[in-house]
Amino acid sequence: MRISKEEIEHIASLARLYLSEEEKELFGSQLSSILDYMEKLNELDTKDIEPTSHVLPLSNVMRDDTLGYSIPRSDALMNAPDRTDKFYRVPKIIK
Amino acid sequence: MKLYSLTISEARNLLDRKEISVKDLVRSLYERVDAVEERVKAFVTITRDEAFKMAEEVEKEITEKTKVTGPLIGIPLAIKDNICTKGILTTCSSKILSNFISPYESTATSRLIEQGYVLIGKTNMDEFAMGSSTENSGFQVTRNPWNLERIPGGSSGGSASAVASDECIAALGSDTGGSIRQPAALCGVVGLKPTYGRVSRYGLVAFASSLDQIGPITKNVRDAVILMNIISGHDPLDSTSAPLPVPDFTAVLGQEIKGIKIGVPKEYFIEGMDREVEVSVKEAIKNLESLGAISVEVSLPHTGYAVATYYVLATSEASSNLARYDGMRYGLRVEGKDLVDTYMNTRANGFGAEVKRRIMLGTYALSSGYYEAYYRKAQQVRTLIKKDFEKAFQVVDVIVTPTSPTAAFKLGEKIADPLQMYLSDIFTISVNLAGVPGISIPCGFTSNNLPIGLQLIGRHFDEESILKVAYAYEQATEWHKRRPNL
């Protein structure tokens, strides 16, 4: 399967990645051959096979609704590229 | 004997008998780091100041008798750089996190701290654990101490190389598709991937959440057991950690393996695998038989589909997990003309080629119109792979395979061909998909003096059986005692 340049650009935009022209070219051909390899899976009949998302028989793990430890605000903000005293500062979102 | 070459239990004896101090041990390790690190390049961050501070505190606790016993008091370990250590850089060997100081401690390392360990440094890895050679690090290329022109394996290549080079007493790694076991095999040390859910993933930077596990990389099986006793167990901070009691793994050491059934899957001895690897592994199986194990041929018929299944599921999970690196709360931010432009600039500049490739692949597999064909299909095949193991484990107690189809390959040999690189995980990947535990132990050397690894696979939450067999084998052989000439 050959992935077109338009498709690569579409996926990159979904993934919020700028790609250089060389990257588009390279990933286009590499993803095509990887996806070809993955076609192997279609050799198998998986009708009526339950999908496994997770190997443990665990679901909806709950805890009591009580106050526990959380990271102090100053620690949570310490890696922020841009911040005020109490908040992250981000580029304008609403136009 | 140099102190840096000790195992955990050997160092424990000397410390308990007061023949050496914690600081003596730490000093010896840094002397070793100073002597070999320039060639090996196993560490992203060397935590010398913190280590001596930790050593000081531990010695104070020993003197004041507030901490009297425990296998790990004062033992210097290295930690893979995708495991969060509070107040210390945790970069995942990625430019996007090159300035990230973790504001919290992972559960696994919290447990090591409670036991009084000393952190030697954070080890290099393939960026976000994506790779099989550690060549995908955003910072440096780690070398295999057995041959500096060869890769150490990956993604925990820094941890495995540091252990094999005696730059730490032991280390923690993480394993999503073989990232503990394959580098352990290629560096001639012991590496254990526990059952999924055995060790908390809290504070392990997520790559593929349904597959990731933290585990030990050590000089021998006994040390792996010591670390497993400490890092295992339920953690309320990880909803996928199993609420099960943890056995005392030391109980298996020295148990005989007479009558234990070991399965040899015919699909793991294939055309194209290295002849010397095959010979060593078959020799190891004979050795286990001579110790009383009964070998039985088994079949894991969907083995040939594991790599394809894995690279659909792992990249899909990764594309979702890595969406968080947007330059807003931590890490790199490269400003653009608006919000989306900033996101895209940040990610284009912060991620390396393999990470971008996997994000693209995962995004594709999850995108509209392809989800059923790729993601759901792979989840169904995952069920078949898991059932293969369940069926085999009705007949045998442990499955024995090579860890890797070849010994360490040359730097640059596979980096241009991602699919060839992915296929180097062919023997380790099924174990993560099935969620079962697996260990790699040294079982021989090639004619070029490169280590070969034997993989033992167990039932869910039965690390005891693989550790028992691994220890019995190790006692009967000398491979684990060989060290590289650096």
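Compute the separation of the alpha-carbon centres of segment B:72-138 and segment B:139-162 and state it in Å as a whole number.
16
Taking the alpha-carbon centroid of each part, what is the distance from segment B:415-486 to segment B:245-278 in angstrom?
Rounded to whole Å, the Cα centres lie 9 Å apart.
Based solely on its DSSP helices, what 222 nm [θ] is calculated for chain B when runs of n ≥ 4 H residues each add -39,500 (n - 2.57) and the sum is averaged over all residues, nearest 500 deg cm²/dmol?
One gets -11500 deg cm²/dmol as the mean residue ellipticity at 222 nm.
Amide H of B:L411: which non-local residues (sequence gap of 5 or more, or other chain) have their own amide H closer than 5 Å, using H built in the peptide plane?
Amide H to amide H, under 5 Å and 5 or more residues apart or across chains, B:L411 pairs with B:R150, B:I151.
How much mean residue ellipticity at 222 nm does chain A get from its helices, if each DSSP H run of length 4 or more adds -39500 (n - 2.57) and you divide by all residues, to the nearest 500 deg cm²/dmol?
For chain A, the value works out to -10500 deg cm²/dmol.
Most fluctuating residue of A:D75, A:D65, A:D36 in a GNM of chain A with Cα springs under 10 Å: which is it?
A:D75
Using alpha-carbon positions, what is the distance between the centroids of segment B:1-44 and segment B:175-215, in Å?
Answer, in whole Å: 24.
Please list the non-local residues whose amide H lies under 5 Å from the amide H of B:N220, H modeled 1.01 Å from N, same-chain partners needing a gap of 5 or more.
Here the answer is B:V190, since their amide H atoms fall under 5 Å of that of B:N220.
Per 0.36 nm of contour for each residue apart, how much would the distance between B:K53 and B:S299 grow if the chain were fully extended, relative to their Cα-Cα spacing?
Values: separation 246, 0.36 × 246 = 88.56 nm, distance 5.25 nm.
Taking B:K53 through B:S299 to full extension adds about 83.3 nm, to one decimal.
Apply the Karplus parameterisation 6.51 cos²θ - 1.76 cosθ + 1.60, with θ equal to phi minus 60°, to every residue of segment B:253-265 and state each ³J(HN,Hα) to the nearest whole Hz, in sequence, with x for glycine and proline.
Values, residue by residue: 5, x, 5, 7, 10, 4, x, 5, 9, 10, x, 10, x Hz.
Scaled to the compact-protein estimate 2.2 N^0.38 Å, what is the alpha-carbon radius of gyration of segment B:304-379, rounded to two decimal places?
This ratio for segment B:304-379 stands at 1.24.
Please order B:R275, B:R48 by the number of other Cβ within 10 Å, starting at the fewest.
Numbers: B:R275 8, B:R48 15.
Fewest-to-most Cβ neighbours within 10 Å comes out as B:R275, B:R48.
What per residue convex hull volume, in Å³, comes out for segment B:101-179 when only alpha-carbon positions are used?
101
Which entries in B:K2/B:K41; B:K258/B:K282; B:K41/B:K219; A:K24/A:K95; B:K80/B:K391; B:K53/B:K86 show an alpha-carbon gap greater than 24 Å?
Over 24 Å apart, Cα to Cα: A:K24/A:K95; B:K80/B:K391.
Considering only Cα-Cα distances, which of the following residue pairs are longer than 23 Å: A:K47/B:K387; A:K5/B:K356; A:K5/B:K337?
Check vs 23 Å cut-off fails for A:K5/B:K337.
For B:R357, A:R73, which order do you get if you count the other beta carbons within 10 Å of each Cβ and list the fewest first?
Lowest count first: A:R73, B:R357.
Please list, in chain and number order, the residues 5+ apart from B:A170 or on another chain whose amide H is under 5 Å from its amide H, with Hs placed from the backbone.
B:A78
Quick one: Karplus J couplings for segment B:326-342, per residue in order, coefficients 6.51, -1.76, 1.60, θ = phi - 60°, nearest Hz, x for Gly and Pro?
Along segment B:326-342, the couplings run 10, x, 9, 9, 7, x, 5, 10, 10, 4, x, 6, 8, 4, 5, 4, 5 Hz.
What's the magnitude of the charge dipole for the protein assembly as shown around its Cα centre, counting Lys and Arg as +1 and Asp and Glu as -1 at the beta-carbon? Answer in Debye, nearest 20.
Roughly 620 debye, rounded to the nearest 20.
At a 10 Å Cβ-Cβ cut-off, how would you order B:E31, B:E37, B:E127, fewest neighbours first?
The fewest-first ordering by Cβ neighbours comes to B:E31, B:E37, B:E127.
³J(HN,Hα) across segment B:278-284 via Karplus (A = 6.51, B = -1.76, C = 1.60, θ = phi - 60°), whole Hz, x for Gly/Pro?
3J(HN,Hα) across segment B:278-284, in whole Hz: 4, 4, 4, 5, 5, 4, 4.
Read-outs: derived from the displayed coordinates by stated rules, not from any lab. Please read these numbers as outputs of a predicted model, since none were measured by experiment. A quick note on method: Cβ atoms are made from the backbone with ideal geometry, for glycine too, and the neighbour counts reach across all protein chains shown.
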